[in-house]
Amino acid sequence: MTLVEINFDGLVGPSHNYAGLSLGNLAATKNAGKVSQPRKAALQGLDKMRGNMASGLAQGFFLPLPRPNAGWLEALAADATINPALIASAWSASSMWTANAATVSPAPDCADGRCHLTVANLVTMPHRSQEWPDTLAQLRLAFADSKHFAVHRAVPPCFGDEGAANHMRFCEGHASTGVEVFVYGRSGGRFPARQHEQASRVVARSHGLDPAKALFIEQSPEAIAAGAFHNDVVAVANAQVLFAHEQAFADREGANDAIRAAFPALEVVEVPSSRVSLADAISSYLFNAQLLSMPEGGMTLVVPGECRENTAVSGWLDDMLASNGPIRAVKVVDVRESMANGGGPACLRLRVVADPATVDPRFMLSEAKADLMAEVIAAQWPEEIDPADIGKAALAQSVLSARAALLAALNLSELA
Ligand code: SUG
């Protein structure tokens with residue numbers, strides 16, 4: 001059995017819109033009220049998937065969840081008097097950011113030798129708190145092979161869990177035993193700390209991780225207050241490399257020492273605040289990059305186009321490339337529609353280390369399937385959504401029928 005890293009990207013749903021629902025997510029609140037372009041957004045995401053697949057990497061996908069979520073509105077006894085933000089919440093396409101779908105511990109790290117996944121409860125934000133039941137259904141389908149996977153229910157709701165966005169794994173190679181690092185927030189000043197320490201500990205226990213290889217590290221309150229609502233806005237790890245901002249963790253030296261004690265081969269690529277401020281890191285999403293081990297060797301950092309538009313960030317990237325570090329290439333992708341809601345290349349993917357042959361093949365991407373998806377998107381996804389139209393019956397109908405057409409094309413109508 002060959003274990004490889006598979007990136008499961010969330011396909012951007014037909015209801016993608018800018019309702020400004022996420023307090024503490026500066027891009028989303030800044031763009032509240034703007035007209036979105038769901039068709040363009042989904043095609044941008046699909047192009048990112050195609051690009052990684054063309055590099056020889058295994059690529060999977062998850063489907064948009066049913067929106068508007070009529071069951072949720074019913075549970076809220078929604079009527080004409082209800083707060084419009086709650087209506088918009090029921091329309092949110094936020095499941096596209098699959099880094100928040102679940103936390104994943106690959107088989108070599110887990111006591112029973114299976115890959116464990118815990119669906120994230122996302123309780124802090126109302127619009128995200130409704131995702132987990134439908135995400136769980138999808139995970140249970142994609143990873144139904146119980147010889148290789150264990151899919152867990154969400155952590156009980158008092159403990160906020162935002163999934164893999166706050167989880168890093170260090171290893172010699174993806175298929176070897178790793179050290180898993182859970183980053184939680186205690187305080188975020190003016191903004192909520194969405195990942196709670198207890199939730200991370202529940203996930204580590206239920207995955208059967210070796211306590212010596214599971215670390216719990218506090219995110220810096222300044223980073224949360226500056227708009228890093230998840231750790232993956234200020235840090236990303238791959239194999240032996242930690243790529244992080246100097247102000248990512250509450251105790252920078254303590255964090256590096258603890259990781260190095262558990263994983264001596266650690267290589268830290270740190271960006272000092274004197275080169276890139278927290279504000280520039282957050283507006284460009286430098287760290288919300290995919291750090292990928294390439295099939296030919298070396299690592300590539302897949303960054304959003306916004307990084308090349310920021311002088312400080314672009315200059316740092318050039319210097320990094322000129323140095324002899326572990327990151328050998330930088331690839332720029334256009335995911336602007338997602339970025340405007342605070343979701344970069346790394347938010348859009350969930351990493352699962354597995355043998356692709358053990359995954360339900362309907363969730364694995366091929367060029368032919370990407371072509372088919374692009375056809376459905378071009379024909380069915382709304383070109384634009386003006387937030388003023390959210391809640392209108394005609395738009396709801398077109399969003400529902402667009403998703404149904406995609407499920408039918410992919411032979412996944414059981415997720416309807
Ligand atoms: O939870 N944005 C998402 C972005 C998630 C990014 N994910 C990672 N960092 N891994 C969020 O804040 C905006 C939706 C709106 O406002 O309509 C939103 O939910």
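Evaluate the following for SER398: is it at pLDDT 95 or above and over 20 Å from ALA142 (Cβ atoms)? So SER398 passes the test.
Picking from residues in segment 68-83 that are within 12 Å of GLN130 (Cα to Cα) and open to solvent by less than 40 Å² (accessible area, probe 1.4 Å), the one that is farthest from the ligand (Cβ to nearest atom) is LEU73. From the residues in segment 337-379 that are among the basic types (Lys, Arg) and within 26 Å of PRO304 (Cβ to Cβ), which one is surrounded by the fewest Cβ atoms within 10 Å (Cβ to Cβ)? So, considering only residues that are among the basic types (Lys, Arg) and within 26 Å of PRO304 (Cβ to Cβ), the one surrounded by the fewest Cβ atoms within 10 Å (Cβ to Cβ) is LYS369.
What is the number of the single condition among (1) aliphatic (A, V, I, L, M); (2) within 16 Å of the ligand (Cβ to nearest atom); (3) touching a strand residue (DSSP E or B) at 6+ places or on another chain (Cβ under 9 Å) that LEU23 does not meet? Of the numbered conditions (1) aliphatic (A, V, I, L, M); (2) within 16 Å of the ligand (Cβ to nearest atom); (3) touching a strand residue (DSSP E or B) at 6+ places or on another chain (Cβ under 9 Å), the odd one out for LEU23 is (3).
The condition of being within 16 Å of the ligand (Cβ to nearest atom), part of a loop (DSSP other than H, G, I, E, B) and at pLDDT 95 or above holds for LEU65. Scanning segment 26-54 for residues that are within 14 Å of the ligand (Cβ to nearest atom) and in a helix (DSSP H, G or I) gives LEU26, ALA27, ALA28, THR29, LYS30, PRO38, ALA41, GLY45. Figure legend. Inter-residue proximity from segment 84-98: first residues more than 10 Å from ALA19 (Cβ to Cβ) and more than 9 Å from the ligand (Cβ to nearest atom), second residues open to solvent by 10 Å² or more (accessible area, probe 1.4 Å) and hydroxyl-bearing (Ser, Thr, Tyr), beta-carbon distance below 7 Å, spacing 6+ or different chains. Indicated pairs: SER95/THR135.
Determine if segment 136-151 includes at least one residue that is under 15 Å from the mean Cα position of the chain (by Cα), within 16 Å of the ligand (Cβ to nearest atom) and buried (at least 22 other Cβ atoms within 10 Å of the Cβ). No, that holds for no residue. Which residue out of LEU46, LEU11, LEU57, LEU3 is surrounded by fewer than 23 Cβ atoms within 10 Å (Cβ to Cβ), touching a residue at least 60 places away in the same chain (Cβ under 8 Å), of a type outside the set (Asp, Glu) and under 22 Å from TYR285 (Cα atoms)? Among LEU46, LEU11, LEU57, LEU3, only LEU46 is surrounded by fewer than 23 Cβ atoms within 10 Å (Cβ to Cβ), touching a residue at least 60 places away in the same chain (Cβ under 8 Å), of a type outside the set (Asp, Glu) and under 22 Å from TYR285 (Cα atoms).
Listed by position, the helices (runs of 4 or more DSSP H) inside segment 284-339 whose residues that are touching a helix residue (DSSP H, G or I) at 6+ places or on another chain (Cβ under 8 Å) and closer than 23 Å to LEU11 by Cβ number at least 1 are 306-309, 336-339. Cβ separations smaller than 6 Å between residues 6+ apart or across chains give the following pairs from segment 231-249 residues that are over 14 Å from LEU301 (Cβ atoms) and within 14 Å of the ligand (Cβ to nearest atom) to residues that are open to solvent by less than 10 Å² (accessible area, probe 1.4 Å) and of a type in the set (Phe, Trp, Tyr): VAL234/PHE287. The set of residues in segment 116-175 that are touching a residue at least 40 places away in the same chain (Cβ under 8 Å), over 26 Å from ALA235 (Cα atoms), polar (S, T, N, Q) and assigned to a loop (DSSP other than H, G, I, E, B) contains only GLN130. Among the residues of segment 346-358, none qualifies, meaning not one is in contact with a Pro (Cβ under 7 Å, 6 or more places away or on another chain), at pLDDT 95 or above and in a helix (DSSP H, G or I). Looking across segment 115-132 at every residue that is open to solvent by 40 Å² or more (accessible area, probe 1.4 Å) and in contact with a Gly (Cβ under 9 Å, 6 or more places away or on another chain), the one that is farthest from the ligand (Cβ to nearest atom) is identified as VAL123. Scanning segment 172-195 for residues that are open to solvent by 40 Å² or more (accessible area, probe 1.4 Å), among the polar types (S, T, N, Q) and either closer than 23 Å to ARG153 by Cβ or at pLDDT below 95 (or both) turns up just one, SER187. Take the conditions surrounded by fewer than 17 Cβ atoms within 10 Å (Cβ to Cβ) and either at pLDDT below 95 or out of contact with any Pro (no Cβ under 8 Å at 6 or more places or on another chain) (or both) and apply them to ASP386. Does it pass? It is true that ASP386 is surrounded by fewer than 17 Cβ atoms within 10 Å (Cβ to Cβ) and either at pLDDT below 95 or out of contact with any Pro (no Cβ under 8 Å at 6 or more places or on another chain) (or both).
Just the residues that are more than 15 Å from LEU11 (Cβ to Cβ) and small (Gly, Ala, Ser), please, taken from segment 348-378.
ALA354, ALA357, ALA368
Selection of segment 266-292 for residues being among the small types (Gly, Ala, Ser), touching a strand residue (DSSP E or B) at 6+ places or on another chain (Cβ under 8 Å) and crowded, with 17+ Cβ neighbours inside 10 Å yields ALA281, SER284, ALA289.
The values are calculated or read from the model by the stated rules, or taken from the named source; none is laboratory data. Nothing here was measured: the structure is a model prediction, and the numbers come from that model. Counting neighbours? That spans all protein chains shown, and the Cβs are built from the backbone with ideal geometry, glycine included. Protein only, heavy atoms only, side chains kept; ligands, DNA and RNA dropped before computing areas. Shrake-Rupley method; radii C 1.70, N 1.55, O 1.52, S 1.80 Å.
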